[in-house]
Amino acid sequence: MAGKRKLEEEPSGRDKKKIKIKTARTIAIQNVSSSSTASVTQASANAGPSTSKAPARLPGSLDVERFVEARAFEIDAMHKAMKAASSSGTQRAWQALPRHLRRRAASHDVRRVPLRLRDKAIAEMDTVNKKKKSLPKQGKNKRVPRTEKFLSRQRSKTWLETHIWHAKRMKMEDIWGYRLAMQPTEKAFRPSHRAAQHGCIIHDASYLGLIEITGALGPLSDLLLLCCDPQGQPPGAQRYTVGSRALDTHLYSPGQYPLGLACPITIIWKPVDLPNQTVTPKANAQDKPAENNEETRRVEHPSPEPGSKRTVWLMVHPCVFDTAFGIIQSCASLTLARLKETGNTSIEIEIADLRTQLNIFEIMGPKSSQVIKGALSPTAAGQKDDFTSFWSSLGDIQSTGSLAPGMIIGFKVHDPRLKFPPKNAKPSPVDIPHQSSPMKVFPSAALARCEIWGETIRSSLKQPRYKKKDIDDRKAQNLIPGQPLAPQRQDDRIPVLLVQRSLGSVQSGTHGWMLIIPAGWSMPFFSSLTFTGSRVGGQRERQTQAFEAGVPYFPKDYPSIPAHGEQISKTADEEEARWKRTPAAKKPNFEKLGTRSPWRPDWEVVLGLKEPKSQLVPTQREAPGPEHEDLQPSEDVERKDAEDTAMLGKSPWLLRGALLKYMSLVPDFIKEINRLRTRRSESHFDFKDADLLLRSALVPVQLTPCGRGVLKDMSMIYMLEDHECEEAQKHVGSDSEEGGEAVTCDKGAIIGYTTTGNFCLSRGRGHSLGAIAAIKYQALVAQARRLSQGAPGSAVVSRFLVKGRNRDGQSSWLAHLEASDFSQS
């Protein structure tokens with residue numbers, strides 16, 4: 001068989017371009033015919049003899065017409081060559097630059113082009129045509145104002161004040177009634193993770209809803225106790241009502257605890273106006289910062305009257321704002337009804353919506369304190385000793401996790417545009433004597449007082465007094481360019497609030513600040529914050545921060561609540577539509593893989609409350625039992641709530657917090673629930689309700705593969721048999737990375753699903769968040785006790801071995817499972 005013919009090498013694109021340009025610059029030459037050659041020879045002969053040394057004589061006269069006709073070909077060839085050479089050079093001056101130097105602004109500003117290409121860039125610019133294109137088609141009076149044009153595009157959604165900045169740099173999406181930035185246009189997310197771990201990342205969270213409640217201290221405390229999580233300290237505790245700390249808790253529907261979980265909320269009380277007192281702090285590991293040896297500290301010792309008028313803010317997620325607002329209204333009605341029964345009819349409670357009056361920035365990362373100190377300039381008037389000490393040591397704080405949780409600082413700042421561009425603060429050298437330590441600054445009402453609580457002040461600052469053009473004109477008058485402007489008496493003074501924010505634990509979490517400013521000032525502050533070199537993140541980066549810290553993200557990691565179901569349904573519809581458009585050979589066959597529900601987690605089937613779709617038989621709707629027929633509208637509200645709660649036990653609910661410790665014994669479990677319901681002034685559950693509650697409960701968990709493998713979203717969790725667990729324990733240690741090979745999946749009963757799963761950069765391995773049935777969690781505890789029975793030194797096991805399988809995978813991965821705490825969410 002003859003060998004294949006060796007193909008000739010084709011020229012590359014660069015070679016082809018060189019050949020094209022060379023051909024365009026070549027001038028055609030006319031071929032000399034024999035007749036013309038003979039005539040030239042004859043003409044030379046007629047000229048007579050000539051010596052070789054004699055120079056050629058020029059003709060005495062020249063016939064122009066005959067000369068042009070004789071040189072017509074050469075002239076035409078020259079014109080064609082000039083035209084071809086100019087048209088072949090399609091590369092403009094800006095395209096001649098390397099890609100890392102190309103800028104969009106250079107296409108209309110020749111000063112952005114290097115000097116060697118500036119002349120060519122000027123020649124390429126067509127200023128006449130640019131002026132013609134910029135002329136408006138309509139008259140000046142008929143043009144639609146820019147503000148009106150933007151407002152017409154916000155009929156079905158709301159823009160944030162930083163929308164235009166984000167729209168140019170990020171992918172936008174309509175979600176929760178807003179047009180929000182989802183992620184930067186660049187595909188990589190590792191730079192954002194590095195910024196959160198080693199630098200600073202900023203997120204505009206102005207879409208968060210704020211609810212203001214005003215009333216007497218006693219009724220407000222009772223109102224919040226009716227709707228907040230009773231685990232831990234109540235919202236009306238002295239440490240929070242003084243206004244020096246923010247409380248992160250969860251919101252529940254009244255009369256339904258532990259059911260009726262709505263959302264996580266943040267509670268901030270308006271600081272009280274009381275004199276300073278020096279007291280001895282109580283020993284509390286949560287409040288005492290590291291390396292603190294002081295015995296006393298200045299605090300605001302609150303002793304307000306129960307009838308004094310107070311104000312409190314509730315910060316909630318936008319997807320559940322209407323639900324939270326309705327819960328607050330219901331609790332306010334119950335509180336006023338109980339006060340009316342005692343004869344107190346003079347109490348009033350006011351509820352207001354502040355969604356359009358405040359803006360919020362989340363500034364996370366170890367350098368967040370240096371960024372804030374470099375971008376903001378506090379006013380000198382009215383500063384207190386506590387704030388002066390705090391601000392002087394703010395640049396030295398390596399991590400806000402060393403401060404008290406939820407610490408609040410209120411102060412006034414100058415217009416940040418006056419000192420633009422800002423410079424980050426640098427930590428002071430360690431060897432400086434008498435250096436003020438940030439650990440010595442403690443929460444106090446005096447430090448948290450701020451004028452941002454006043455509606456009149458917020459309204460007066462709705463529009464900045466000076467536009468950016470006016471600030472630039474003032475800067476242009478400086479003798480030295482780039483110098484910051486000195487604040488004048490007529491310049492704005494903006495009140496702001498700083499709230500310490502933490503995700504996860506002190507050692508492995510992400511810490512930073514929450515900056516609350518009046519509406520209308522987002523862009524002045526945002527421009528200064530971003531100019532410090534901080535990275536800006538969207539919804540993807542905010543979710544990644546929570547995932548890396550091991551904290552559930554709302555609403556994605558909150559199964560069994562309506563907000564989670566709405567988001568899952570939207571995501572499921574998009575994924576299912578994409579799957580249907582994909583060819584059969586390019587997509588997984590979930591039926592052959594044995595994936596029961598690839599798009600939505602069927603929690604009812606996992607809990608045994610419903611049969612799978614393939615086994616469902618259409619039945620008539622159950623009629624209400626006799627216990628509902630006897631109910632009358634005039635019956636006691638608490639009794640009706642208790643019975644409704646028992647009926648709600650037939651649907652999934654999230655079991656979280658310290659209640660997990662009481663699951664092993666049903667009587668203790670009900671006693672603990674009744675104790676917590678008593679704190680909320682709710683009726684008790686009967687012991688017959690315990691089985692119903694446990695059968696419908698979901699336990700939030702974290703999964704870490706034993707070695708290789710990543711359990712992604714919607715992965716299925718299986719329980720190991722006793723012999724499988726014993727065999728796996730021989731090869732898999734508690735911290736070993738061996739034994740992570742895939743194991744055969746027998747497609748047994750699913751005990752739960754993962755809600756978020758990916759490769760965790762902070763852990764260097766796969767990590768997942770999810771939920772399993774409470775009765776299966778009890779089975780895991782019983783299995784661990786059974787297998788460790790008689791083992792020397794056996795203790796209470798908190799990590800269990802399970803199997804996890806991705807919905808599009810054929811094999812399972814061994815993973816460690818442990819219960820997750822929602823207290824840091």
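Total residues in the stretch 148-178 satisfying the condition of being within 18 Å of residue 360 (Cβ to Cβ), in contact with a strand residue (DSSP E or B) (Cβ under 8 Å, 6 or more places away or on another chain) and in a loop (DSSP other than H, G, I, E, B): the figure is 4. Taking the conditions (1) among the aromatic types (Phe, Trp, Tyr); (2) under 24 Å from residue 806 (Cβ atoms); (3) surrounded by 19 or more Cβ atoms within 10 Å (Cβ to Cβ) in turn, residue 590 satisfies each one other than (3). Out of 351, 347, 328, one residue alone is in contact with an Asp or Glu (Cβ under 8 Å, 6 or more places away or on another chain) and either free of Cβ contacts under 8 Å to residues at least 60 places away in the same chain or farther than 30 Å from residue 195 by Cα (or both). It is 351.
Every residue, every condition in (1) part of a helix (DSSP H, G or I); (2) over 30 Å from residue 382 (Cβ atoms); (3) touching a residue at least 40 places away in the same chain (Cβ under 8 Å); (4) not assigned by TED's automatic domain parsing to the domain that holds residue 369, yes or no:
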{"position": "485", "(1), (2), (3), (4)": "no, no, yes, no"}
{"position": "499", "(1), (2), (3), (4)": "no, no, yes, no"}
{"position": "502", "(1), (2), (3), (4)": "no, no, yes, no"}
{"position": "513", "(1), (2), (3), (4)": "no, no, yes, no"}
{"position": "523", "(1), (2), (3), (4)": "yes, no, yes, no"}
{"position": "528", "(1), (2), (3), (4)": "yes, no, yes, no"}
{"position": "533", "(1), (2), (3), (4)": "no, yes, yes, no"}
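Going through (1) assigned to a helix (DSSP H, G or I); (2) more than 19 Å from residue 254 (Cβ to Cβ) one by one, residue 678 falls short only on (2). For the residues 229, 204, the requirement of being under 27 Å from the mean Cα position of the chain (by Cα) and more than 18 Å from residue 320 (Cβ to Cβ) singles out 204. Within the stretch 542-551, being touching a helix residue (DSSP H, G or I) at 6+ places or on another chain (Cβ under 6 Å) and either under 17 Å from residue 320 (Cα atoms) or not β-branched (Val, Ile, Thr) (or both) holds for one residue alone: 545. Checking each residue in the stretch 222-238 for being closer than 19 Å to residue 253 by Cβ and part of a helix (DSSP H, G or I) picks out 222, 223, 224, 225, 226, 227. Look at the stretch 560-587: where a residue is more than 23 Å from residue 607 (Cα to Cα) and outside the structural domain of residue 262 (by TED's automatic domain parsing) and a partner is at pLDDT 95 or above and among the aromatic types (Phe, Trp, Tyr), sitting 6+ places away or on another chain with Cβ atoms under 7 Å, you get 587/579.
Within the stretch 159-187, the only residue that satisfies the criterion of being of a type in the set (Ser, Thr, Tyr) and without any contact (Cβ under 8 Å) to a residue 24 or more places away in the chain is 185.
A Cβ distance below 9 Å, combined with a sequence gap of six or more or placement on separate chains, defines the contacts here; from the stretch 63-75, residues that are within 26 Å of residue 26 (Cα to Cα) reach residues that are modelled with pLDDT of 85 or more in the pairs 68/75. Any residue in the stretch 793-806 that is modelled with pLDDT of 90 or more and in a loop (DSSP other than H, G, I, E, B)? There is at least one residue in the stretch 793-806 that is modelled with pLDDT of 90 or more and in a loop (DSSP other than H, G, I, E, B).
Suppose we keep only residues that are surrounded by 17 or more Cβ atoms within 10 Å (Cβ to Cβ) and touching a residue at least 60 places away in the same chain (Cβ under 8 Å) within the stretch 451-483. Which one would you say is nearest to residue 381 (Cα to Cα)? Here the answer is 452. Somewhere in the stretch 341-360, is a residue in contact with a Lys or Arg (Cβ under 7 Å, 6 or more places away or on another chain), assigned by TED's automatic domain parsing to the domain that holds residue 476 and under 22 Å from residue 204 (Cα atoms)? There is at least one residue in the stretch 341-360 that is in contact with a Lys or Arg (Cβ under 7 Å, 6 or more places away or on another chain), assigned by TED's automatic domain parsing to the domain that holds residue 476 and under 22 Å from residue 204 (Cα atoms).
If you go through the stretch 91-101 one residue at a time, do you hit one that is modelled with pLDDT of 75 or more, basic (Lys, Arg) and closer than 21 Å to residue 122 by Cβ? Yes, some residue in the stretch 91-101 is modelled with pLDDT of 75 or more, basic (Lys, Arg) and closer than 21 Å to residue 122 by Cβ. Would you confirm whether any residue within the stretch 366-379 is on the phi > 0 side of the Ramachandran plot and either touching a strand residue (DSSP E or B) at 6+ places or on another chain (Cβ under 9 Å) or buried (at least 21 other Cβ atoms within 10 Å of the Cβ) (or both)? No: the stretch 366-379 contains no residue that is on the phi > 0 side of the Ramachandran plot and either touching a strand residue (DSSP E or B) at 6+ places or on another chain (Cβ under 9 Å) or buried (at least 21 other Cβ atoms within 10 Å of the Cβ) (or both).
The values are calculated or read from the model by the stated rules, or taken from the named source; none is laboratory data. Just so it is clear, the model here is predicted, and its values are computed rather than measured. A quick note on method: Cβ atoms are made from the backbone with ideal geometry, for glycine too, and the neighbour counts reach across all protein chains shown.
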